[in-house]
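Novice: The structure follows.
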Amino acid sequence: MGGNEDRLKSIRSFALQSRLFIAVIQVFFNYLIPDHDAKVFNPPTIHRSSAADHVVVFLLGGFRRWDAIYFLHVAEYGYTYENTLVFFPLFPFLTRIMANTILLPLHFIMNYSSCLLLAAFLLNLVLFVTSADILFRLSRRVIVSDIISFRAAQLYCVNPASIFFSAPYSETTFALLTFSGLLSLETNNLTGCAVLFGASSLARSNGLVNCAFIWYKIVKDFLKDMLCIMKSPQKNLLGTGKRLTMFHTMLGNCME
């Protein structure tokens, strides 16, 4: 147990360090390379800026690019434009909650846009470290190898798309919910798995695809029981009957 806890602490530390490294690199390149005017959605800032706002923009302004602009706009104003509808509401909702609760005292020294940007970064920071932890636990249960699981979690922290897990994007929220759902599935907690996968579909549209994991689990267990019955007909009839009933119910729901 001690070795597992040490690895978990190492993963959390590595994940946190990777986010801080990304933040530093973002500051450097944001001021080294001029911004490209892609003629995309970029609403003007109507808030008055203070010294605290300038600090936030200096440290985190590089994260407010591309789709992050849409997510932050939804978090601040809601779905005011048709082109914002493709950005699902869970991450903007969580960002707004964090800005209006934990970061509420900062409203007195910076404008709301800066507060939302800071909230989005801190939220993704916490969710990313947690997702790396969950991925390690999931890998240990599936692969049954601490070393491979540890390396997998490390590679997740330094993947080429790592910047999107720190910027105000929904990738980190989706990853955490998906990993948590898969871990619940591996522990045969289908209810918890369904709830987590359902929440992931509120973060990104491809969360709907996660339901295939539940189907796979049920079909796999059903076929496994059928093989056991063929080998020993007197055993496992009750468990197979329950899975068959569940399989038939899910099939009926899909047909409806």
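The values are calculated or read from the model by the stated rules, or taken from the named source; none is laboratory data. The shown structure was predicted, so the numbers you read here are calculated from the model rather than taken from an experiment. Here Cβ is always computed from backbone atoms with ideal geometry, including for glycine, and neighbour counts include all displayed protein chains. We work out accessible area using only protein heavy atoms, side chains counted, and drop any ligands, DNA or RNA first. Shrake-Rupley method; radii C 1.70, N 1.55, O 1.52, S 1.80 Å.
Novice: Quick check on packing: order 147-159, 97-109 by the mean number of other C-beta atoms within 10 Å, highest mean leading.
Specialist: In decreasing order of mean packing, 147-159, 97-109 become 147-159, 97-109.
Novice: Ignoring everything but the protein chains, give the 1.4 Å probe accessible area of Arg12 in square angstrom, nearest 10.
Specialist: Accessible area, nearest 10 Å²: 80 Å².
Novice: Rounded to the nearest percent, how much of the accessible area of the stretch 165-225 (1.4 Å probe, protein heavy atoms only) is carbon and sulfur? Don't skip to the end; give the middle numbers.
Specialist: Numbers: 1820 of 2650 Å².
Ligands and nucleic acids excluded, carbon and sulfur give 69 percent.
Novice: Let me check I've understood the local charge: for Arg137, count other residues with C-beta under 15 angstrom from its C-beta, Lys and Arg +1, Asp and Glu -1. What total comes out?
Specialist: Details: positive: Arg7, Lys9, Arg12, Arg140, Arg141, Arg151; negative: Glu5, Asp6, Asp133, Asp146, Glu186.
Every neighbour counted, the sum reads +1.
Novice: Excluding ligands, DNA and RNA, what is the solvent-accessible area per residue of the stretch 22-173 at a probe of 1.4 Å, expressed in Å²? Intermediate results must be reported in sequence, preceding the final value.
Specialist: Values: 8150 Å² over 152 residues.
On a per-residue basis, the stretch 22-173 sits at 54 Å².
Novice: Roughly how many Å² of Phe28 are accessible to a 1.4 Å probe, to the nearest 10?
Specialist: So the heavy atoms of Phe28 present about 120 Å² to solvent.
Novice: Considering only the other residues whose Cβ falls under 10 Å of the Cβ of Ser113, what net charge follows from Lys and Arg at +1 and Asp and Glu at -1?
Specialist: Details: positive: Arg64; negative: Asp53, Glu76.
Once all neighbours under 10 Å are counted, the net charge is -1.
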